[in-house]
Amino acid sequence: MYKIQPNSVIPAYPMPARHMANSTIAALVILAVILLVTAPLPAAQDDIVVEGALATNVNEHQQLMQMRMMNQGEFNAAQHIDSWVFQNVGNATMARMRFNAQLSLQLDEIQRVCNISAAQKEKLQLAARGDMARLFDEVAALHQKFSGTIDQQKINEVHQATQPLQKKVMTGIFGSDSFFAKTVKVTLTPQQAEKMKSIGEERRRFAYSASIDTALAILSNVVAMDEKQHTTLKKLLLEETEPSLRRSQYDFQLIMFRLSKLDEAKVKSLFNEVQWKALKQQLDSHRGYESMLKQQGVIAP
């Protein structure tokens with residue numbers, strides 16, 4: 001009988017082919033069982049999106065969850081309220097930063113022009129904080145009214161409810177109806193108020209003149225105006241139309257709308273037949289912009 005001596009090495013004898021085949025089959029069976037047990041359950045048809053691999057950060061994960069809710073006909077009211085109200089500035093935090101920056105600029109301007117006292121400045125700051133608080137209180141009220149998940153019919157109601165606040169954020173919360181604007185009127189002395197009015201009108205006219213130049217330069221790509229036509233048409237607009245209430249992304253539409261309201265005979269006399277045909281087509285397409293410009297706070301309602 002063969003005895004294993006201490007510290008001896010077991011000789012490696014070749015395994016019979018039959019035993020090798022049986023061992024291989026057994027190993028394959030074990031591997032198949034392991035794969036079967038550890039494999040993930042099949043995903044539902046709606047979940048074929050590779051969630052884990054794509055959702056590499058919180059924002060992507062939130063977007064993924066929002067898409068899933070939309071596919072199911074459900075919407076997160078809070079996300080939609082903030083998205084619509086603050087769509088032009090990003091979010092509530094960025095909106096607050098923007099309001100503070102706007103306030104700082106306006107106070108600096110008033111200080112430079114009127115040399116207001118510390119007491120006057122404090123009153124204006126308090127009024128501005130009231131405007132900011134009022135806006136965010138109104139947003140909070142919408143969150144309370146439309147909480148949790150809502151369906152498609154309700155989301156339309158939410159959208160309508162956010163429109164006045166969206167307009168306020170876009171046009172600025174320190175406008176003519178704000179606590180700030182009303183406080184300026186009663187805080188400045190008559191002499192200070194007259195200075196601010198004069199500076200404001202001068203600035204609006206200058207901005208309007210620049211907007212006209214830009215709009216007419218764009219229009220020249222279609223009408224091919226020469227310098228004389230440009231200058232004459234600009235003079236006509238400055239003399240017979242009013243500047244916008246505020247600068248906006250709709251400056252070109254405003255100028256074209258104002259141009260469409262001028263006496264047609266005066267405008268037509270500046271151009272030849274080919275130019276007038278091209279210009280009239282542009283004017284006709286901008287005549288209906290009045291309601292939009294009013295809604296955006298660019299012209300008076």
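The values are calculated or read from the model by the stated rules, or taken from the named source; none is laboratory data. The structure presented is a predicted model; accordingly, all values stated were derived computationally and were not measured. Positions of Cβ are generated from backbone atoms using ideal geometry, with glycine treated the same way; all protein chains shown enter the neighbour counts. Ligands, DNA and RNA are excluded from the accessible area calculation, which covers all protein heavy atoms including side chains. Shrake-Rupley method; radii C 1.70, N 1.55, O 1.52, S 1.80 Å.
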Using alpha carbon centroids, what distance separates segment 117-138 and segment 145-205, in Å? 13 Å
Integer Hz, Karplus 6.51/-1.76/1.60 couplings in order for segment 116-122, x for Gly and Pro: 5, 7, 4, 5, 5, 4, 5
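Translational diffusion coefficient of segment 107-178 at 25 °C, 0.890 mPa s, Stokes-Einstein with Kirkwood Rh over Cα pairs, in µm²/s as a whole number.
168 µm²/s
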log10 I(q)/I(0), Debye, Cα-only segment 202-301, no solvent, q = 0.12, 0.22 Å⁻¹? -0.35, -1.21
Starting at the first residue of segment 94-99, write each ³J(HN,Hα) from the Karplus equation 6.51 cos²θ - 1.76 cosθ + 1.60 with θ = phi - 60°, in whole Hz, x for Gly and Pro. 5, 5, 4, 5, 5, 4
Given labels modelled 7 Å from the Cα in the Cβ direction, how far is it in nm from Gln152 to Ser209? 5.4 nm
Quick one: length gained pulling Met94 to Ala141 fully straight, 0.36 nm per residue minus the C-alpha distance? 15.0 nm
Would you mind getting me the FRET efficiency between Val274 and Leu126? Use the beta-carbon distance for r and R0 = 45 Å, nearest 0.05. 0.15
The simple spin-label model distance between Asn115 and Leu262, using points 7 Å out along Cα→Cβ, in nm, is 4.3 nm
Here the relative contact order (percent) of segment 153-281, from C-alpha pairs under 8 Å and at least 6 apart, is 26 percent
Determine the share of segment 65-221's accessible area contributed by carbon and sulfur atoms, expressed in whole percent, with a 1.4 angstrom probe. 53 percent
At a Förster radius of 35 Å, what calculated FRET efficiency corresponds to the Cβ-Cβ distance of Ser83 and Gln281, to the nearest 0.05? 0.40
Points 7 angstrom from Cα along the Cβ direction at Glu240 and Ser291: gap in nanometres? 2.7 nm
